[in-house]
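Taking it in order: structure first as structure tokens, then the write-up.
The values are calculated or read from the model by the stated rules, or taken from the named source; none is laboratory data. Just so it is clear, the structure is predicted and the values come from calculations on it, not from any experiment. Neighbour counts are summed over all protein chains in view; Cβ atoms, including those assigned to glycine, are modelled from backbone coordinates with ideal geometry.
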Amino acid sequence: MTLGLSTAGESHGPALVAILTGLPAGLVLDRAAIDADLRRRQQGYGRSPRQQIETDEVEVLAGLRHGRTLGTPLALVVRNRDHKNWTWGMNPWPPEGEATGKGTKPVTLPRPGHADLAGVLKYGHADVRDALERASARHTAVHVAAGAVAKALLAQLGISVEGSVADEERLRRRVDEARAERDTVGGVVEVRARGVVPGLGTYAVKEERLDARLAAALMGIQAVKGVEVGDGFALAELKGSEAHDEIRPDRRRDTNRAGGIEAGVSNGEEIVVRAAMKPLPTLMKPLASVDLETGEPAQALVERSDVAAVEALAVVAEAAVAWELARAAKEKFGGDAVDDLVGGWRAYVERIGWSDTSR
Ligand SMILES: Cc1cc2nc3c(=O)[nH]c(=O)nc-3n(C[C@H](O)[C@H](O)[C@H](O)COP(=O)(O)O)c2cc1C
């Protein structure tokens, strides 16, 4: 059984939920490790004060007993603490009583670069909030929780995954500049996975290529507009003799321009992917838009927002990559119990004679 992940939750609704299926039984989860990743997602230079309101924590509703998975669907919940200010505005049911708190007035000023205009047109909403609440990246919190579970599974196979900002110092300077100008910025994040054996993914079916899956997982994150594997776009400028990673007798490489994937299959080197994030679309100095109620020119919605969320993206991207690698590993090595999964992996490592002497 492959791994499955479904999530639900609006930005200011009561909670975010995730259901993870296909996890082997007997996987030990550490609540503190999941919460630590949730905290990492909330931190970072340029984030808004909402992050202080939230202090995310994971709750488990099903699939876990005494810290070990049962092999049944794992149900995770991350509450939106800010919901207390939106109990009328984001009430799942027709609210009773006087309209109080946030979200009581319909939003009619779509922001360029956000889901607002396409969302109301597509779904027939009168209030832009009905579109933006789900399009918001708030629900990446529960994806990060799922990523932490995936990392626990990958650790059983000697794999670690780490996301970082490509150029942290420069990013901080750009955030300071943008904050002073009441503007926003994006940036580039990198995710590296160490200890991946050759053979995850396949060239046999294009959608199952590991590079295709990682690219889709990263593109699936809000505001990601470009993805590269290994040296990616820079490879287009090189000659073949400069671009490929020569194979040593021990089957390892001295270079890793391919980013650990050839023909959609992991090749045993570190997996390296990068994602480019556009500047956040909610601006304190709004761009031109239209008032959907009157049809008149107007300025776009101004709402509390981050100046940048690049460091948060590094954590979200790490979770997305971890989830895809765990899914690919589960498909390759199988197992209803963790010991079966590890046993399948050991037998394979032995068959190909792979000893991971990571450079
Ligand atoms: C971690 C994270 C935090 C974000 N925070 C904000 C934010 O505070 N304000 C904002 O306008 N967009 C934010 N975004 C980006 C929007 O969610 C995104 O641009 C929007 O949903 C439109 O989708 P698209 O950019 O993929 O086209 C964030 C994205 C991520 C990944």
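Is one or more of the residues making up the range 312-319 closer than 30 Å to Ala347 by Cβ, within 16 Å of the ligand (Cβ to nearest atom) and not hydroxyl-bearing (Ser, Thr, Tyr)? Scanning the range 312-319 turns up at least one residue that is closer than 30 Å to Ala347 by Cβ, within 16 Å of the ligand (Cβ to nearest atom) and not hydroxyl-bearing (Ser, Thr, Tyr). Look at the range 176-195: where a residue is within 22 Å of Gln222 (Cβ to Cβ) and a partner is surrounded by fewer than 16 Cβ atoms within 10 Å (Cβ to Cβ) and of a type outside the set (D, E, K, R), sitting 6+ places away or on another chain with Cβ atoms under 6 Å, you get Arg182/Met284; Val188/Ala166; Glu190/Ser164; Glu190/Ala166. The residue pairs whose first member lies in the range 208-232 and is at positive phi, whose second member is within 13 Å of the ligand (Cβ to nearest atom) and modelled with pLDDT of 95 or more, and whose beta carbons are closer than 6 Å, counting only pairs six or more residues apart or on different chains, are Ala223/Met277; Ala223/Lys278.
Within the range 323-332, the residues that satisfy the criterion of being surrounded by 23 or more Cβ atoms within 10 Å (Cβ to Cβ) and more than 16 Å from the ligand (Cβ to nearest atom) are Glu324, Leu325, Ala326, Ala328, Ala329. The condition of being crowded, with 19+ Cβ neighbours inside 10 Å, within 14 Å of the ligand (Cβ to nearest atom), within 23 Å of Val17 (Cβ to Cβ) and not basic (Lys, Arg) does not hold for Ala135.
This table checks each residue for (1) of a type in the set (A, V, I, L, M, F, W, C); (2) within 28 Å of Val188 (Cα to Cα).
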residue	(1), (2)
Glu237	no, yes
Ile271	yes, yes
Leu280	yes, yes
Leu292	yes, no
Pro297	no, no
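Only one entry of Gly260, Gly264 meets the criterion of being buried (at least 19 other Cβ atoms within 10 Å of the Cβ) and in contact with a Leu (Cβ under 6 Å, 6 or more places away or on another chain), and that entry is Gly264. Could you say whether any residue in the range 268-289 is more than 16 Å from the ligand (Cβ to nearest atom), within 30 Å of Ala180 (Cα to Cα) and hydrophobic (A, V, I, L, M, F, W, C)? Yes, the range 268-289 contains a residue that is more than 16 Å from the ligand (Cβ to nearest atom), within 30 Å of Ala180 (Cα to Cα) and hydrophobic (A, V, I, L, M, F, W, C). Of the residues making up the range 224-242, those that are surrounded by fewer than 19 Cβ atoms within 10 Å (Cβ to Cβ) and within 16 Å of the ligand (Cβ to nearest atom) are Lys225, Gly226. In the range 66-74, the count of residues that are more than 30 Å from Arg182 (Cα to Cα) and of a type in the set (A, V, I, L, M, F, W, C) is one or more. When Leu38 is tested against (1) assigned to a helix (DSSP H, G or I); (2) surrounded by fewer than 13 Cβ atoms within 10 Å (Cβ to Cβ); (3) under 19 Å from the mean Cα position of the chain (by Cα), exactly one condition is not met: (2).
Counting only strands (runs of 3 or more DSSP E) that sit wholly inside the range 264-359, those with at least 3 residues that are touching a Gly at 6+ places or on another chain (Cβ under 6 Å) are 271-277. Of the set (1) of a type in the set (Lys, Arg); (2) out of contact with any Gly (no Cβ under 9 Å at 6 or more places or on another chain); (3) surrounded by 15 or more Cβ atoms within 10 Å (Cβ to Cβ), all apply to Lys102 but (2). Note on the range 53-94: residues that are among the acidic types (Asp, Glu), in contact with a helix residue (DSSP H, G or I) (Cβ under 9 Å, 6 or more places away or on another chain) and at pLDDT 95 or above total 2.
Of all the criteria given as (1) modelled with pLDDT of 95 or more; (2) out of contact with any helix residue (DSSP H, G or I) (no Cβ under 9 Å at 6 or more places or on another chain); (3) surrounded by fewer than 23 Cβ atoms within 10 Å (Cβ to Cβ), the one not satisfied by Ala347 is (2). Has the range 243-250 got any residue that is surrounded by fewer than 17 Cβ atoms within 10 Å (Cβ to Cβ) and in contact with a helix residue (DSSP H, G or I) (Cβ under 7 Å, 6 or more places away or on another chain)? Within the range 243-250, one or more residues are surrounded by fewer than 17 Cβ atoms within 10 Å (Cβ to Cβ) and in contact with a helix residue (DSSP H, G or I) (Cβ under 7 Å, 6 or more places away or on another chain). Of all residues in the range 146-165, count the ones that are within 16 Å of the ligand (Cβ to nearest atom), closer than 14 Å to Ala314 by Cα, out of contact with any Gly (no Cβ under 7 Å at 6 or more places or on another chain) and not hydroxyl-bearing (Ser, Thr, Tyr). The qualifying residues number 3.
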